[in-house]
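Have a look at the structure below, then the notes.
The values are calculated or read from the model by the stated rules, or taken from the named source; none is laboratory data. Note that the coordinates shown come from a computational prediction; the quantities given were computed from them, not determined experimentally. Note: ideal-geometry Cβ built from the backbone for every residue, glycine included; neighbour counts use all protein chains shown.
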């Protein structure tokens, strides 16, 4: 399952509940989804009748992701985003401790913890402790 899913078309989006309205519901047609994919794709844009996929940067997640929009009918699509695996990253997509420290110092603790876990393959507790140290040392 991706980090989050959205439905495009005439149905309501399935997104995690958030008290801060972190995710907005979006509705769009296949043509609109294709235009966004062409705009946001950094590389690997793949367009088929029932799926649009690409690699792009997501500001909310603060990282590069693989994005898939699957269309089960002509007017509705489901979007999922997954972190780009470390071994599939190009040079300018690499995740670094410096980038994680920037998120921690800016107060974006959740993103910093998620990125730290991805980079260092540690559990949640270890990542939280490391990010708290980064914030204290700032």
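One table, with the values for the structure above:
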| quantity | calculated |
| --- | --- |
| Elements of type helices (runs of 4 or more DSSP H) contained in segment 87-138, each with 2 or more residues being surrounded by 14 or more Cβ atoms within 10 Å (Cβ to Cβ) and either at positive phi or in contact with a strand residue (DSSP E or B) (Cβ under 8 Å, 6 or more places away or on another chain) (or both) | 109-120 |
| Boolean, residue 17 is part of a loop (DSSP other than H, G, I, E, B) and either more than 30 Å from residue 94 (Cβ to Cβ) or modelled with pLDDT of 60 or more (or both) | yes |
| Residue within segment 23-40 that is under 29 Å from residue 90 (Cβ atoms), exposed (fewer than 12 other Cβ atoms within 10 Å of the Cβ), assigned by TED's automatic domain parsing to the domain that holds residue 81 and modelled with pLDDT of 90 or more present | yes |
